[in-house]
Amino acid sequence: QVQLVESGGGLVQPGGSLRLSCAASGSIGVINNMGWYRQGPGKQRELVAVITSGRRTNYADSVKGRFTISRDDAKNTVNLQINSLRPEDTAVYYCNAQITPRDHWIPRDYWGQGTQVTVSS
């Protein structure tokens, strides 16, 4: 059993910053890509940022220069530093990881439960 648990969401004023964290736990064999998605009110879930096991990163155009994704493989965590927040960043942010469980051979996608980020004055 593999679980992803996010933390760090909250209410912040425009221009503010937050740091989201996600920890993977359980029967973990190999972690490949890790990333963050978000789903705003009335919108579809969209990719925010992804980081590969080789530390290559990719960002949605709307967050480039403001968001930074990082990972700590020793702790099985992925973080998202969010700066210069805008009201349109308001969404539930979900952690995602491609993990091959221990004693398995096929990777699968795992998701966290989501953490709310609200940007409002």
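Under a 1.4 angstrom probe, counting protein chains only, how are Arg56, Arg86 ranked by accessible area, largest first?
Arg56, Arg86
Under 1.5 on a/c is rounded, so check that first for the range 51-96, then, if it is not, pick prolate when a/b is larger than b/c and oblate when it is not; a ≥ b ≥ c are the square roots of the alpha carbon gyration tensor eigenvalues.
In terms of gyration-tensor shape, prolate.
Can you tell me which of Ile28, Ile69, Ile99 moves the most in a GNM of the chain? Springs connect C-alpha atoms under 10 Å apart.
Its mean-square fluctuation being the largest, the pick is Ile28.
With r defined as the distance between the Cβ atoms of Thr100 and Leu11 and R0 fixed at 30 Å, what FRET efficiency is calculated, to the nearest 0.05?
0.25
Which cross-chain or sequence-distant (5 or more) residues have an amide H under 5 Å from the amide H of Gly114, H modelled 1.01 Å from N in plane?
HN-HN under 5 Å from Gly114: Glu6, Cys95.
What distance in nm separates the simple spin-label points at Lys43 and Asp109, each placed 7 Å from Cα in the Cβ direction?
Here the modelled spin labels are 1.8 nm apart.
Across the range 40-48, in residue order, what do the Karplus-derived ³J(HN,Hα) couplings come to in whole Hz, using 6.51 cos²θ - 1.76 cosθ + 1.60 with θ = phi - 60° and x for Gly and Pro?
After applying 6.51 cos²θ - 1.76 cosθ + 1.60, I find x, x, x, 10, 7, 5, 10, 6, 9 Hz.
When DSSP beta bridges are limited to those with both residues in the chain, what percentage is antiparallel, rounded to the nearest 5?
95
Taking a probe of 1.4 Å, how large is the accessible area per residue of the range 1-74, in Å²? Walk me through the numbers on the way to the answer.
Details: 4030 Å² over 74 residues.
Using a 1.4 Å probe on heavy atoms only, each residue of the range 1-74 averages 54 Å².
Considering amide H positions built from the backbone, and no H for Pro or chain starts, which residues 5 or more places from Val48, or on another chain, come under 5 Å of its amide H?
Trp36, Tyr37, Arg38
Calculate I(q)/I(0) for the chain by the Debye formula, one identical point scatterer on each C-alpha and no solvent, and give its log10 at q = 0.10, 0.13, 0.16 Å⁻¹ to two decimals.
-0.29, -0.47, -0.70
Name the most mobile residue of Leu11, Leu47, Leu20, meaning the one with the largest mean-square fluctuation, in a Gaussian network model of the chain with Cα contacts below 10 Å.
Greatest mean-square fluctuation among the candidates belongs to Leu11.
In whole angstrom, how far apart do the alpha carbon centroids of the range 1-70 and the range 80-121 sit?
Cα centroid of the range 1-70 versus Cα centroid of the range 80-121: 4 Å apart.
The values are calculated or read from the model by the stated rules, or taken from the named source; none is laboratory data. For clarity, every value in this text was computed on a predicted model and none was experimentally measured. A quick note on method: Cβ atoms are made from the backbone with ideal geometry, for glycine too, and the neighbour counts reach across all protein chains shown. Each accessible area value is taken on the protein alone, full model and side chains, heavy atoms only, with ligands, DNA and RNA left out. Shrake-Rupley method; radii C 1.70, N 1.55, O 1.52, S 1.80 Å.
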